[in-house]
Amino acid sequence: MTRLVLACVTLLCACLLVRAQTSTVKVWPDGPPGAKADPSYREETLMDQGKPRVARVTDPVLLVYLPAPEKANGAAVVICPGGGYIRLAIDHEGYDIAVWLNEMGVAGIILKYRLPSDAIMENKSVGPLQDAQEAIRIVRRRAREWNIEPNRIGIMGFSAGGHLASTASTHFDDQVYKPADATSARPDFSILLYPVISMQPPNVHKGSRNNLLGQNPSLELIDSFSNELRVTTETPPTFLVHSEDDSGVPVGNSISYFQALQRNKVPAELHIYQKGGHGYGLAKGRGTESTWPEACRAWLKQLGMLEGSGSR
């Protein structure tokens with residue numbers, strides 16, 4: 001009986017999430033740039049302790065969650081779930097986050113991005129960045145349709161998704177593909193949760209680096225994707241969250257990025273929690289790390305991203 005009740009609750013939650021989703025948009029309707037054909041390489045959803053994990057993505061999409069019109073304030077966030085550049089933690093770092101953003105009147109747009117693979121990419125190191133850049137451009141192009149202000153579009157990432165979000169925030173002018181028009185790929189703000197930032201010791205997360213750059217990347221490639229080295233005065237304002245006891249991705253990643261933002265006089269806020277570990281998403285019902293969503297809401301309000309809630 002208990003199992004039946006749990007199954008019903010899980011199904012109900014899934015249905016609610018599906019109803020909240022407004023639309024699905026292909027990132028590359030005509031196929032991704034630099035793609036290689038491999039019929040045996042197909043997207044799959046795996047279950048990890050009862051939680052869905054998406055792998056082997058070949059056709060990236062945006063899962064668009066728009067807030068109720070009476071709540072909408074014109075802000076939007078592209079969400080990059082984590083998973084070590086080998087899978088996507090699509091539930092607690094995707095669906096849950098989109099719903100939380102909607103509660104604030106913010107559009108939550110989950111990017112189901114391609115995971116780096118030599119099997120389907122000519123250059124796997126730029127595949128995820130191509131998807132992130134185009135995702136920002138799509139949201140900006142469709143801003144009027146989705147009741148979004150084109151200068152209130154941010155990006156958010158968790159763990160390796162945090163590396164992608166910080167890459168999109170520091171490499172937005174990199175010509176990694178030929179865009180259809182001159183629409184900017186620069187996010188207006190970034191939210192990074194326990195992010196992978198550096199590809200260098202002592203803070204490197206080797207799994208993410210190996211999956212993105214290969215087993216023996218050149219020093220040039222390592223430097224290029226160590227995003228603490230890529231911060232400039234044009235890097236968007238950033239909100240960072242990390243836990244001191246994170247044994248997966250060292251807290252030094254967030255510290256080094258924050259220090260680089262400081263040096264370049266980019267507005268930034270860093271929250272380091274004593275405990276929490278890694279991969280906690282919204283951290284509901286946990287320790288002090290569970291306070292980050294409210295701190296983030298206050299930061300977004302201070303940044304002017306939540307103005308106009310309920311008036312649109």
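The numbers here are math on the coordinates, done by the rules we state, and not lab data. Everything numeric here is computed off the predicted structure, so don't read it as measured data. Neighbour counts run over all protein chains shown; Cβ positions are idealised from the backbone, glycine included.
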Total residues in segment 123-142, condition part of a loop (DSSP other than H, G, I, E, B), of a type in the set (D, E, K, R) and within 13 Å of TYR113 (Cα to Cα): 1
Among the residues listed as GLY94, GLY157, the single one being among the small types (Gly, Ala, Ser), part of a strand (DSSP E or B) and buried (at least 20 other Cβ atoms within 10 Å of the Cβ): GLY157
Which numbered condition ASP245 misses (of (1) within 20 Å of VAL196 (Cα to Cα); (2) among the acidic types (Asp, Glu); (3) in contact (Cβ under 8 Å) with a residue 40 or more places away in the chain): (3)
Residues that are of a type in the set (Phe, Trp, Tyr) and under 20 Å from THR232 (Cβ atoms), drawn from segment 156-203: PHE172, PHE189
Hits in segment 97-122 - residues which are aromatic (Phe, Trp, Tyr) and assigned to a loop (DSSP other than H, G, I, E, B): TYR113
Per-region count, segment 266-278, residues assigned to a loop (DSSP other than H, G, I, E, B) and within 25 Å of ASP188 (Cα to Cα): 2
Residue among GLU93, GLU134, GLU70, GLU103 that alone is out of contact with any Gly (no Cβ under 9 Å at 6 or more places or on another chain) and either aliphatic (A, V, I, L, M) or over 16 Å from ALA168 (Cα atoms) (or both): GLU103
Of residues in segment 266-290 being free of Cβ contacts under 8 Å to residues at least 12 places away in the same chain and surrounded by fewer than 14 Cβ atoms within 10 Å (Cβ to Cβ), the one nearest to the chain's Cα centre (by Cα): LYS284
